[in-house]
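The values are calculated or read from the model by the stated rules, or taken from the named source; none is laboratory data. Worth saying up front: this structure is predicted, and the values here are computed from it rather than measured. Quick reminder, even Gly has a Cβ in these numbers, built from the backbone with ideal geometry, and neighbours come from all protein chains shown.
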Amino acid sequence: MKSMKWLVLVPSLLLGACGTKSDSETMDTKLLVTLKMKVTGLKISNSPTQLCYAVFNSPDGFPADSSKVAKNGCLPLISDSLEFSIEDIPSLRKGFVVSVFQDMDMSNKMETKKFLGFDVPAEPFGFTNNPPLLGGAPTFEKCKINALDGVTYEIKMKTM
């Protein structure tokens, strides 16, 4: 049976330099972009919660390898929607995927639960382009967006 992989983030991990990059990779990463995001469908709670995000700038490592994240962080929540900008993201000119989850227990990682023998998210989550989730985690291509000036990308939260 095929194993489903789900995004598990540890926002405290920082993307580190691993090995050397070619001149073309180094040139591409000097282009920094900003993504404007809007996340809707967040759960209101009496306890503190936060929205954690991760930005992938290539298919490498998506969706579960937090060491391949170009940028990540967490923001406090006070309503059922949140608008924010993610700045200074290195562009590899392959597009971007933003994945988010609502950290209901402030653990800085997505909690999972078993469903039909698979680990699935136990907390609300979402991806850019709001792809259908039939058959497991979506591909980079289904979630990919481009950083267009003036465009706000919306993610609608989902639960399993």
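So in the range 40-67, with the set limited to residues that are among the hydrophobic types (A, V, I, L, M, F, W, C), out of contact with any Pro (no Cβ under 8 Å at 6 or more places or on another chain) and in a loop (DSSP other than H, G, I, E, B), which one is nearest to residue 144 (Cα to Cα)?
Only one residue fits best here, namely 62.
From the list 80, 65, which residue is at pLDDT 95 or above and either at positive phi or acidic (Asp, Glu) (or both)?
80
Being in contact with a Lys or Arg (Cβ under 6 Å, 6 or more places away or on another chain), within 16 Å of residue 54 (Cα to Cα), small (Gly, Ala, Ser) and at pLDDT 95 or above is the filter here, so list the residues in the range 103-160 that pass it.
126
Just give me the residues in the range 73-93 being part of a strand (DSSP E or B) and without any contact (Cβ under 8 Å) to a residue 60 or more places away in the chain, in sequence order.
75, 76, 81, 82, 84, 85, 86, 87, 88, 89
Collect the residues in the range 73-94 that are in contact with a Ser or Thr (Cβ under 8 Å, 6 or more places away or on another chain), crowded, with 17+ Cβ neighbours inside 10 Å and either among the small types (Gly, Ala, Ser) or farther than 22 Å from residue 142 by Cα (or both), keeping them in residue-number order.
77, 91
Check 108, 129 and return the single one that is in contact with a helix residue (DSSP H, G or I) (Cβ under 8 Å, 6 or more places away or on another chain) and assigned to a loop (DSSP other than H, G, I, E, B).
129
When the residues of the range 31-68 are filtered to those that are of a type in the set (Val, Ile, Thr) and under 24 Å from residue 136 (Cα atoms), which remaining residue is farthest from the chain's Cα centre (by Cα)?
In this case the residue turns out to be 40.
Can you find, within the range 33-47, the residue that is surrounded by the most Cβ atoms within 10 Å (Cβ to Cβ) among those that are modelled with pLDDT of 95 or more and of a type outside the set (Lys, Arg)?
My answer is 39.
How many residues does the range 112-128 contain that are surrounded by 13 or more Cβ atoms within 10 Å (Cβ to Cβ) and either acidic (Asp, Glu) or under 15 Å from residue 101 (Cα atoms) (or both)?
Residues flagged as surrounded by 13 or more Cβ atoms within 10 Å (Cβ to Cβ) and either acidic (Asp, Glu) or under 15 Å from residue 101 (Cα atoms) (or both) within the range 112-128 amount to 11.
Would you check if residue 70 is modelled with pLDDT of 95 or more, within 23 Å of residue 146 (Cα to Cα), crowded, with 18+ Cβ neighbours inside 10 Å and in contact with a Pro (Cβ under 6 Å, 6 or more places away or on another chain)?
Considered against the rule, which asks whether it is modelled with pLDDT of 95 or more, within 23 Å of residue 146 (Cα to Cα), crowded, with 18+ Cβ neighbours inside 10 Å and in contact with a Pro (Cβ under 6 Å, 6 or more places away or on another chain), residue 70 comes out as yes.
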